[in-house]
Amino acid sequence: MLDSVPHCSDPVLAELATPYCFGDADEGQRRTFELHLMECDVCWREVQRLDAAVGALRTDMALAHTLTVSEISGLLGLSAGLDRPLAGHLRHALIVSVLWALLLALPVLVEIAWRWDRYGGGALIAAPLVFAWMTGATLAALALGVRGVRRGRAGLAVSVLVMLAATAVVCAALAPFAPVERLVEARFQTYPVFLGYVKAVVHAWLVGPAFVLWPFLFVVVMQRQLVAGRHRAVLRLLKGDPEGVPPPGIRYPRVLPLTLYLATVSLYNWLGMAHLFDNLLAGPHTRLFMGLVMTKSALWLLLPAICLWWYAGCLNELKRECLAVLSFAQDDERRGS
Amino acid sequence: MSMSDPESDRLLIEGVQQGDEAACERFDERFRPRLITALKKRGVGTYDADDIVQDTLAAAIAQLRDRRFEGRSTLGSWVWSIFSNRFHDFLRGAIRRDRRAVALDRFEQRGLPAPRVGDDEDLRLLVRAAMQSLPPRERLVLLLNVQGGRPAREIAQLLKLGVKVTEALLTSAKRRFRAGLAAAQETAAPKRLKE
């Protein structure tokens, strides 16, 4: 059967109809194509059709409705990641899980470092186990939180409970093996090994939920809000509008109070470390002990700093997504009217 | 047949040369809209465009009657060369009038005056169908570019994509739109015949 639709005899020139009608052709292409148009009826008809369609495309604001809000936000930003592993924050989740696990594994070494010669071998077995357990547990806590958010809950309580349970398991597992005596020698009374470890765990928890879980799950909750099309409400909340109300089950963790809190606990940590170092007595592994304490302190600062940096970036992304979607909708309304 | 037929061109030329009104009308119908489109694409206003094209066609018909078309090029190319001269005359006149440099390639490239929505419901439906044939990402970049007037670099920032990727998306979106338009028109035609 013969093809009844006429075709241009020069397909290369015929292709120029698209840039010509969309206004993308340069002067040379335009002249070449216009000269061709003088002879080619097929291309001329195509130009007439496409030109009219491009004109309609320019002015028909209702065409914006061929995209749903969820499609737009899905294309524009952070909310697009909600259905991906860990709501699209896999890398951040891995980093903070590793840092958090290190924060709980390192004290195992710190607490016995004073008598490394006697307990070092056992600690080198226990610490990696604690690290692996806590990394997995933290990832699980974050994943369960994300799952909760996807199902319409806040997810924070589940995540905190999982991390709390995982920490309790670590403490319970270490308790029978921890030496009962006080190993660290200082001018003040030091803690026995296990209590020292528990104290380190409490210190870690001062930053854990506040910086690892809360901002993470708040961001995921906001992603879900955006997927649901609540861009205006989210923007109001993030801009600190008094009418901006957070969704149930989670409060809005603001960057400035978090930063002030981090500064306060860092000062406390630094003072505590200085006090300890000033009062330490000479021991066979003092250097090792001090090195590990300083590493732990650095980690203790690094974890919340990374979380804050990530969180501030996510808030900006969320705002940007809201603004983009709302400006799209406003353009639509304005032109429609 | 896609390209103009030399035989029909010859008949058209002979008709014009013999002062056949119908031939002159056919000549006008064939070239006037194409030349008007070319001028509008260069941002020339409607009145100026009409004048330039009127001059061009009048000159072409006069030259045809004076047997000054020697057939060394096609009829379309020959008319185009007359049009180019008239257009350059217009530009030179514009330069003199405005006392400012107006380079040919600096003329803003614009589309034809867009038909008002609602004027042609069929066209609106065809455009909608063509848009629906695009994947959401391409639909969005096309709307941002054509309706929002945002260049590829701005769209790339908005969508967190590379500029090259965005340009490729835009090119693909425009091609698909054209293909979708043709497909929509093909499916719409039989429906209309049935009605």
Worksheet item: Where does each of A:HIS65, B:HIS88, A:HIS231, A:HIS203 land when they are ordered by accessible area, with a 1.4 Å probe and the largest first?
Response: A:HIS65, B:HIS88, A:HIS203, A:HIS231
Worksheet item: Using the beta-carbon distance between B:ALA59 and A:GLN48 and R0 = 22 Å, what value does 1/(1 + (r/R0)^6) give for FRET efficiency, to the nearest 0.05?
Response: 0.30
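Order the following by accessible area, largest value first: A:TYR20, A:TYR261. Probe radius 1.4 Å; ligands, DNA and RNA are ignored.
Details: A:TYR20 0, A:TYR261 80 Å².
Ranked from most to least accessible, the order is A:TYR261, A:TYR20.
Rank these residues by their accessible area, most exposed first, probe 1.4 Å: A:TRP309, A:TRP133, B:TRP78.
Ranked from most to least accessible, the order is A:TRP309, A:TRP133, B:TRP78.
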Practice prompt. Would you mind calculating the relative contact order of chain A from Cα pairs under 8 angstrom and at least 6 residues apart, reporting the percent as a whole number?
Written response: 23
Practice prompt. Please list, or write none, the aspartates and glutamates whose alpha carbon is within less than 19 Å of the alpha carbon of A:LYS319, excluding same-chain residues fewer than 8 places away.
Written response: A:GLU71, A:ASP241, A:GLU243, A:ASP331, B:GLU154
Fill in: Radius 11 Å from Cβ of B:LEU161, net charge of other residues (Lys, Arg +1; Asp, Glu -1)
+3
Worksheet item: So, with a 1.4 angstrom probe, what is the percent of accessible area on chain A that is carbon and sulfur?
Response: 65
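Over the whole of B:139-149, what's the average partner chain Cβ count within 10 Å per residue? Rounded to a whole number, please.
Values: counts 7, 9, 1, 3, 10, 4, 3, 8, 11, 5, 1.
Mean inter-chain Cβ contacts per residue within 10 Å come to 6.
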Worksheet item: Per residue, what volume in Å³ does the convex hull of the Cα atoms of the protein assembly as shown enclose?
Response: 251
Worksheet entry | the protein assembly as shown, helix-only ellipticity at 222 nm - DSSP H runs n ≥ 4, -39,500 (n - 2.57), divided by all residues, nearest 500 | -24000 deg cm²/dmol
Worksheet item: Counting only protein heavy atoms and rolling a 1.4 Å probe, how much accessible area do A and B lose on contact, total for both sides, in Å² to 100?
Response: 5300
Discussion item. Tell me the relative contact order for region A:165-248 as a rounded percent, counting alpha carbon contacts under 8 Å between residues six or more apart.
Written reply: 14
Worksheet item: So if R0 is 30 Å, what FRET efficiency would A:SER327 and A:VAL169 give, r being the distance between their Cβ atoms, rounded to the nearest 0.05?
Response: 0.05
Response to the item:
Env charge @ A:ARG150, Cβ radius under 10 Å, K,R +1 / D,E -1, value +3
Worksheet, complete the sentence: Ordered by number, the trypsin sites (Lys or Arg not before Pro) in region B:28-88 that occupy a DSSP loop and have at most 15 other Cβ atoms within 10 Å are B:ARG67, B:ARG68, B:ARG72
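The values are calculated or read from the model by the stated rules, or taken from the named source; none is laboratory data. If you're wondering where the values come from, they're calculated on a predicted model, not measured in any experiment. So basically every Cβ, Gly included, is an ideal-geometry build from the backbone, and we count neighbours across all protein chains shown. Heavy atoms of the whole protein, side chains included, go into the accessibility calculation; ligands, DNA and RNA do not. Shrake-Rupley method; radii C 1.70, N 1.55, O 1.52, S 1.80 Å.
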